[in-house]
1. In the stretch 5-40, how many residues are out of contact with any His (no Cβ under 6 Å at 6 or more places or on another chain), surrounded by fewer than 11 Cβ atoms within 10 Å (Cβ to Cβ) and modelled with pLDDT under 85?
2. Give the residue that is nearest to the chain's Cα centre (by Cα), with candidates limited to residues of the stretch 60-90 that are more than 22 Å from K20 (Cβ to Cβ) and exposed (fewer than 10 other Cβ atoms within 10 Å of the Cβ).
3. Out of everything in the stretch 71-116 that is assigned to a loop (DSSP other than H, G, I, E, B), in contact with a Phe, Trp or Tyr (Cβ under 9 Å, 6 or more places away or on another chain) and within 30 Å of E57 (Cβ to Cβ), what residue ends up being modelled with the lowest pLDDT?
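The values are calculated or read from the model by the stated rules, or taken from the named source; none is laboratory data. Keep in mind that this is a model prediction, so the values were computed, not measured. Cβ atoms come from the backbone with ideal geometry, glycine included; neighbour counts cover every protein chain shown.
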Amino acid sequence: MILIIQRLKSNSVKLLNFSKIMISILLKSKNRKQYAFIEEKLKQYHPEELEWKWTDEQKNGLQGIRKNDGFRVFRWYPNQTHFFERFVMPQHTEIFNLNPKRLPVGEVIEMLMSRI
């Protein structure tokens, strides 16, 4: 499975003074009962590690491809402000099941108000 996630801007990371940059991904199934969780160190690529090219002749997007294995790591879609990073779901991904229970709106409001 390939995941597409919006990448943090380098300036944001520097401004927040993070020393270790991690990424956490939570996926859910369509029926919202099965979930997968991944947490790992976020790879910071050196410019020489990537090749940049247009996705097609009409320049309908830009992609960053890892030179060592040809994997398309980054993707930008035209007319978008988002820049995405693609991940392969690792073997160590935690998969778990939940049975969500929807609470009535009044009960949720009452619970929240009791904590204010």
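1. Residues that pass the stated criteria total 11.
2. So, considering only residues that are more than 22 Å from K20 (Cβ to Cβ) and exposed (fewer than 10 other Cβ atoms within 10 Å of the Cβ), the one nearest to the chain's Cα centre (by Cα) is T81.
3. Only one residue fits best here, namely H82.
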